[in-house]
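Below is one structure; the comments refer to it alone.
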Amino acid sequence: MSIQLIRSGILDTIQDQGRHGYSKWGINPSGTMDRYAAQAANILVGNALDEAVMEMHFPSGELLFTSDALVSITGADFTPLINSKAVPLWKPMVVKKHSVLTFQRRQWGYRCYLSVRGGFGITPWLGSRSTNMRISAGGFQGRALKKDDQLNFRRQLPGPEAHDDLRILPWRVNAQPVYHDMGSICFVEGREWSWLTSASQQQVLSDPFSIAPSSDRMGCYLQHEPLAVQRTEQLLSSGVSMGTIQLLPAGKLVVLMADHQTTGGYPRIGHIISAHLPKLSQLAPHESLRLRMISVADAEKMLFSLQQELRALQRACLDKLSDYDL
Amino acid sequence: MEDFTIYPLGDQALTFSLGNSIRQRDHERIQGMKRWLEQHPPPGLTDIVVAYSSLTVVYDLYQLRQATHSSTAFEFVSAALREAFHRGTDHTADVSQKRWEVPVCYDQAFAPDLDHVARLGNLSTAEVITLHTARVYRIFMIGFLPGFPYMAEVDASIAAPRRDQPRQVEAGSVGIAGIQTGIYPVSSPGGWQIIGRTPLKMFDRGSDPPVHLEPGHEVRFYAVTRKEFEDLSRQRA
């Protein structure tokens with residue numbers, strides 16, 4: 001009833017959809033970077049959308065299954081292998097006891113997700129199983145996973161029988177539309193957008209940006225010519241959100257990501273729309289993107305339809321699982 | 001005329017702001033709104049971030065749209081914020097005036113910037129300590145780190161600007177940045193002028209709640225000797 005790490009990865013953590021409601025204590029939300037991939041991984045195995053999953057960066061850890069498990073792998077394609085045989089992403093699979101899951105090569109994307117049916121046996125802290133590494137709290141002992149860690153499953157739910165060492169079930173999530181046109185990312189105007197000179201506004205709307213190698217789960221730093229402002233006022237700190245694009249004093253942009261602080265005082269030139277945060281989360285350092293401004297109403301429509309599709313998919317997957325008497 | 005602005009903070013959050021200055025009256029108004037919103041939460045509300053003169057509501061767009069049939073979530077939540085502003089005034093009175101007495105050791109070993117702050121204000125270090133402990137400070141915001149209180153307003157003669165270069169700051173360090181004073185709950189890089197250290201644990205993930213200080217509370221510092229600091233640290237452990 002568990003997975004054991006037989007080799008450490010560079011940064012593998014347990015994350016769910018975030019620890020919300022504790023900004024009064026300055027406790028930030030954490031949670032998965034690519035919320036869509038994590039939700040899809042859960043749907044495929046019949047979990048609730050917000051169940052905790054394993055978020056992996058490349059090179060990722062090597063995992064040993066100590067029992068049969070119904071799992072799915074979504075997000076980045078790190079060439080997953082089970083007992084040295086290639087396995088598909090975005091599909092549910094029954095993995096037989098004693099199998100080993102390894103990842104060979106990063107082909108696409110930057111963050112990969114593993115869900116197990118029933119979820120991981122992690123005690124929630126403040127209502128969430130997300131790992132907050134900064135304060136060593138939540139998740140698996142408040143830290144990244146390492147060799148010899150044993151992750152129990154929370155509940156051993158019945159799964160389809162494993163015939164051979166692997167059984168791939170006949171349904172999938174088509175994630176292609178969500179990651180279509182990876183380098184085109186939409187944002188809505190931020191409160192201090194007008195602080196930029198018109199030349200700098202033009203630069204944001206037309207020049208390509210690339211992802212700086214210093215980017216991490218806290219912030220996605222963009223590489224570009226410095227931007228200029230026509231106004232310099234000290235802002236009082238106020239709330240920020242995942243996707244907020246801050247203008248740093250040197251004229252560079254940073255997009256706040258899952259581990260962002262609860263408040264910030266830099267000018268906010270925009271906010272990446274929620275429906276495009278999955279794309280941004282999957283861009284690797286040095287990959288490029290362009291920013292396009294849209295209205296809040298359109299951003300809402302895109303997110304709402306994405307969430308509706310996920311719910312429809314969830315119903316379909318639960319139907320499929322019921323065919324197996326699950 | 002109503003002197004506030006409401007603006008989107010992306011597609012799942014909205015900020016209500018009373019302007020860009022630190023005023024106790026504005027903050028009480030914000031606290032009143034927060035209380036009203038807690039009692040009348042919009043569907044899908046996930047968090048309320050209180051800052052100096054602003055309040056940010058964070059919501060789950062899908063849940064909100066499912067429950068309201070409003071044309072946009074932005075309009076729906078804007079209306080809720082306007083209502084909270086008008087109705088929340090009734091709630092400013094019952095702000096729980098919780099006041100914390102926080103011991104601080106201003107010993108040189110814990111106060112790398114005490115001399116600097118004194119020099120800037122043409123004061124002795126003893127005078128800095130007297131001024132810092134004389135006032136009751138209001139917590140306007142908890143941010144930056146879990147349990148880091150942003151408090152104001154310190155006496156003008158000790159309102160030293162932030163350091164140009166951040167450096168490693170120990171847990172418990174008490175600092176000044178302009179008219180603000182604050183406490184580092186955990187060790188972290190930071191740019192505030194450090195003038196002392198408290199033996200109290202400001203963030204403890206194992207306790208419930210992990211943080212005791214909240215926006216709206218008041219704090220008063222009192223000076224303790226090195227020995228009292230060590231004794232209090234031991235008691236805590």
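Some observations on this one:
- Verdict on A:LEU256 being in contact with a strand residue (DSSP E or B) (Cβ under 6 Å, 6 or more places away or on another chain), surrounded by 20 or more Cβ atoms within 10 Å (Cβ to Cβ) and among the hydrophobic types (A, V, I, L, M, F, W, C): yes
Conditions (1) away from chain B (no Cβ under 13 Å); (2) β-branched (Val, Ile, Thr); (3) at negative phi, marked per residue:
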{"site": "A:LEU235", "(1), (2), (3)": "no, no, yes"}
{"site": "A:GLY239", "(1), (2), (3)": "no, no, yes"}
{"site": "A:THR244", "(1), (2), (3)": "no, yes, yes"}
{"site": "A:LEU247", "(1), (2), (3)": "yes, no, yes"}
{"site": "A:ALA250", "(1), (2), (3)": "yes, no, yes"}
{"site": "A:LEU256", "(1), (2), (3)": "no, no, yes"}
{"site": "A:GLY265", "(1), (2), (3)": "no, no, yes"}
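- Of the candidates B:VAL211, B:VAL186, the single residue that is of a type in the set (Val, Ile, Thr), out of contact with any Leu (no Cβ under 8 Å at 6 or more places or on another chain) and outside any helix (DSSP H, G or I) is B:VAL211.
- Criterion violated by A:TYR324 - all others in (1) modelled with pLDDT under 95; (2) buried (at least 23 other Cβ atoms within 10 Å of the Cβ); (3) more than 14 Å from every other protein chain (Cβ to nearest Cβ) satisfied: (2)
- Any hit, segment B:145-158, residues being out of contact with any strand residue (DSSP E or B) (no Cβ under 6 Å at 6 or more places or on another chain), more than 14 Å from chain A (Cβ to nearest Cβ), in a loop (DSSP other than H, G, I, E, B) and without any contact (Cβ under 8 Å) to a residue 60 or more places away in the chain: yes
- Residue match in segment B:193-208 (condition: under 18 Å from the mean Cα position of the chain (by Cα), at pLDDT 90 or above and within 23 Å of B:ASP26 (Cβ to Cβ)): no
- In segment A:1-43, the qualifying residues are those that are touching a helix residue (DSSP H, G or I) at 6+ places or on another chain (Cβ under 9 Å) and of a type in the set (Gly, Ala, Ser), and the one that is farthest from B:LEU145 (Cα to Cα) is A:ALA40.
- Residue match in segment A:282-298 (condition: free of Cβ contacts under 8 Å to residues at least 24 places away in the same chain and within 30 Å of A:LYS24 (Cα to Cα)): yes
- Considering (1) over 13 Å from B:PRO112 (Cα atoms); (2) outside any loop (DSSP other than H, G, I, E, B); (3) not basic (Lys, Arg), the lone condition that B:VAL174 does not fulfil carries the number (1).
- If you filter segment A:122-134 down to residues that are aliphatic (A, V, I, L, M) and surrounded by fewer than 20 Cβ atoms within 10 Å (Cβ to Cβ), you find that the one that is nearest to the other protein chains (Cβ to nearest Cβ) is A:LEU126.
- Among residues that are over 19 Å from B:ILE139 (Cα atoms), free of Cβ contacts under 8 Å to residues at least 40 places away in the same chain and not charged (D, E, K, R), B:PRO189 is included.
- Qualifying positions in segment B:1-18 - more than 9 Å from chain A (Cβ to nearest Cβ) and out of contact with any helix residue (DSSP H, G or I) (no Cβ under 6 Å at 6 or more places or on another chain): B:MET1, B:GLU2, B:ASP3, B:PHE4
- Scanning segment B:158-177 for residues that are surrounded by 19 or more Cβ atoms within 10 Å (Cβ to Cβ) and of a type outside the set (A, V, I, L, M, F, W, C) yields B:GLY172, B:SER173, B:GLY175.
- Residue satisfying condition, being away from chain B (no Cβ under 14 Å) and modelled with pLDDT of 95 or more, within set A:GLY75, A:GLY21, A:GLY31: A:GLY75
- Taken over segment B:124-157, the criterion of being on the phi > 0 side of the Ramachandran plot and in contact with a helix residue (DSSP H, G or I) (Cβ under 8 Å, 6 or more places away or on another chain) is satisfied by B:GLY147 alone.
- Of all the criteria given as (1) free of Cβ contacts under 8 Å to residues at least 12 places away in the same chain; (2) within 14 Å of chain B (Cβ to nearest Cβ), the one not satisfied by A:GLN201 is (2).
- Scoring A:LEU11 on the criteria (1) buried (at least 24 other Cβ atoms within 10 Å of the Cβ); (2) within 22 Å of A:LEU283 (Cα to Cα) leaves a single failure, condition (1).
- All strands (runs of 3 or more DSSP E) inside segment B:25-118 with 2 or more residues being out of contact with any Asp or Glu (no Cβ under 6 Å at 6 or more places or on another chain) and without any contact (Cβ under 8 Å) to a residue 40 or more places away in the chain: B:45-50
- A:THR102 vs. criteria in a strand (DSSP E or B), touching a residue at least 40 places away in the same chain (Cβ under 8 Å) and touching a helix residue (DSSP H, G or I) at 6+ places or on another chain (Cβ under 7 Å): no
The values are calculated or read from the model by the stated rules, or taken from the named source; none is laboratory data. Computed from a predicted model, the values in this text were never measured in an experiment. Because the Cβ atoms are built from the backbone with ideal geometry, glycine has one as well, and the counts that use them run over all protein chains shown.
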